[in-house]
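Student: One structure is given below, represented as structure tokens, and several questions about it will come after.
The values are calculated or read from the model by the stated rules, or taken from the named source; none is laboratory data. Predicted model, so just to flag it, every value in this text is computed and none were measured. Note: ideal-geometry Cβ built from the backbone for every residue, glycine included; neighbour counts use all protein chains shown.
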Amino acid sequence: MNNSAKVRKKVLAASSKSTIERSWLARIAACPHILWSVLFIIAPLMFVAYFAFTDSAGNFTFENITNLTNYGETFMLSVFFSLIATVVCIIIGYPLAYFIARLKPRKQKLFILLLMLPMWISLLIRTYSLMALLDNGGIISTFLVSLGFEKLSFIGTGGAVILGMVYDYLPYMVLPIYTTISKIDVRCIEAAADLGCNGWQTVKNVVFPLSVPGIISGVTMVFVPSISTFYISQKLGGGAFDLIGDTIERQFQNKLTYHTGAAISLVMMILILISLAVMNRFSDNDGGEIIV
């Protein structure tokens, strides 16, 4: 018994020592990430909050926040365009993600590669390519005129801005949905078939509920950059639309309105955090309830 107790004591001591060593190693390994987060996430947020609640003389004030009522229409237009772009991405992205997930593994890799290829190119270049295609004297317009149709006038419209958002952010909708669908247990689909479900009923009652987390992730990844974009609206909107991203950029270019730009950025960050919290609340479960 004494030998057994001694062995147990040595094992516990060795285990405790190993745990302490792993704890210190984990802390050391986390240091670069913590430093990066402090320098490039927390510190910028603190600077934004500081400038949002101070005036040009550095005095504390709420005037920058109260002045945001002048930008109500800009906020609403940005949210409207972003919601439309997000809905269009869902309508296009979900069937595409489902189609890719049902292919053989080799074909899945090929389609995912094709989907990600545009993401390897700068957003600026992709937006310029759309301008070259959709401009009044662009390739598509010239082709339509050669066929006897009227010249295309698409640049400078809300549709062009939404198209740019969909084109640039569609992969961010497809990839998380594809990942979620591809991880669904095949036995769930087989069980639905055994219970008499056809293809549509299986998608509606099994695949869709289980892919809700991927949809929420895709909505987040599309809606957040869409609502804060400024380059797409400037180039494809032709300056006809003043979205919240354009307003923030313009305010930061002028020292006199720098604090107003910080206040708009702060409100945008709060709204985005609230939307993320709401979406995470609805994606707590790994999948929705399956009703067969």
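Student: Just give me the residues in the range 145-171 being at pLDDT 85 or above, surrounded by fewer than 21 Cβ atoms within 10 Å (Cβ to Cβ) and of a type in the set (Ser, Thr, Tyr), in sequence order.
Tutor: Across the range 145-171, the qualifying residues are Thr157, Tyr167.
Student: Next question. Show me the helices (runs of 4 or more DSSP H) found entirely inside the range 26-135 where at least 1 residues are over 23 Å from the mean Cα position of the chain (by Cα) and in contact (Cβ under 8 Å) with a residue 24 or more places away in the chain. Please lay out each step first, then the result.
Tutor: On the way: elements: 43-52, 63-66, 72-101, 105-116, 123-134.
Where helices (runs of 4 or more DSSP H) fall fully within the range 26-135 and carry at least 1 residues being over 23 Å from the mean Cα position of the chain (by Cα) and in contact (Cβ under 8 Å) with a residue 24 or more places away in the chain, they are 43-52, 63-66, 123-134.
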